[in-house]
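Single-structure report; data block below.
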Amino acid sequence: MVHAETPVDIDATPADVWRVLIDVERMPTWTESVSKAERMGGEEFAVGAKVRLKQPRLATMVWEVTELESESSFTWRTSRGGVTTTARHQLRANEDGTTSVVLSIDQRGPMAGIVGLFTSKLTAKYLAMEAEGLKSRCEA
């Protein structure tokens with residue numbers, strides 16, 4: 001298994017961060033780690049919803065929401081070439097009204113170790129870009 005994680009504190013309420021985070025079609029406007037995001041089927045963002053994401057230097061992938069707790073967390077998953085990638089987005093309210101966010105990626109499967117050798121630096125970079133972009137958008 002390959003694991004990467006990035007925490008970030010955001011000067012905004014969990015509700016405000018959540019609204020930005022689940023408006024996935026707008027991700028390219030606040031993070032350079034996503035060049036195109038398209039919700040498939042016009043579905044509500046809920047368990048079972050699918051999103052086609054294009055990221056620079058990576059193949060276009062379809063992500064399916066597998067877990068969702070409103071204003072708290074969502075997880076989505078994609079599989080390709082012997083690797084299942086799971087991305088988690090977790091929010092926690094702080095006493096001072098800010099929000100702690102943890103973004104993480106896990107890759108599992110027979111090819112995960114090999115793929116991780118080639119993509120771990122890019123994955124960490126993209127997680128950091130997403131965290132900083134989310135912070136900038138929410139604090140604007």
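The values are calculated or read from the model by the stated rules, or taken from the named source; none is laboratory data. All values reported here derive from a predicted model rather than from experimental measurement. Reconstructed Cβ throughout: ideal geometry from the backbone, glycine too, with neighbour counts over all protein chains shown.
Summary table
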{"item": "Residue match in segment 119-127 (condition: out of contact with any Asp or Glu (no Cβ under 7 Å at 6 or more places or on another chain) and either within 16 Å of VAL20 (Cβ to Cβ) or of a type in the set (Lys, Arg) (or both))", "result": "yes"}
{"item": "Test: ARG92 is exposed (fewer than 15 other Cβ atoms within 10 Å of the Cβ), within 16 Å of ALA131 (Cα to Cα), out of contact with any His (no Cβ under 9 Å at 6 or more places or on another chain) and not β-branched (Val, Ile, Thr)", "result": "yes"}
{"item": "Residue ID - surrounded by the fewest Cβ atoms within 10 Å (Cβ to Cβ), chosen from residues in segment 20-58 that are part of a helix (DSSP H, G or I) and among the β-branched types (Val, Ile, Thr)", "result": "THR29"}
{"item": "Flag if VAL17 is buried (at least 19 other Cβ atoms within 10 Å of the Cβ), in contact with a strand residue (DSSP E or B) (Cβ under 6 Å, 6 or more places away or on another chain) and either at pLDDT below 95 or outside any strand (DSSP E or B) (or both)", "result": "yes"}
{"item": "Candidates LEU127, LEU122, LEU117, LEU103 - the one that is touching a Ser or Thr at 6+ places or on another chain (Cβ under 6 Å) and farther than 18 Å from ASP11 by Cβ", "result": "LEU127"}
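Let's see how each residue does on (1) in contact with a Lys or Arg (Cβ under 7 Å, 6 or more places away or on another chain); (2) farther than 22 Å from ALA4 by Cα; (3) among the polar types (S, T, N, Q):
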{"position": "PRO56", "(1), (2), (3)": "no, no, no"}
{"position": "VAL62", "(1), (2), (3)": "yes, no, no"}
{"position": "THR66", "(1), (2), (3)": "yes, no, yes"}
{"position": "TRP76", "(1), (2), (3)": "no, no, no"}
{"position": "GLY116", "(1), (2), (3)": "no, no, no"}
{"position": "THR123", "(1), (2), (3)": "no, no, yes"}
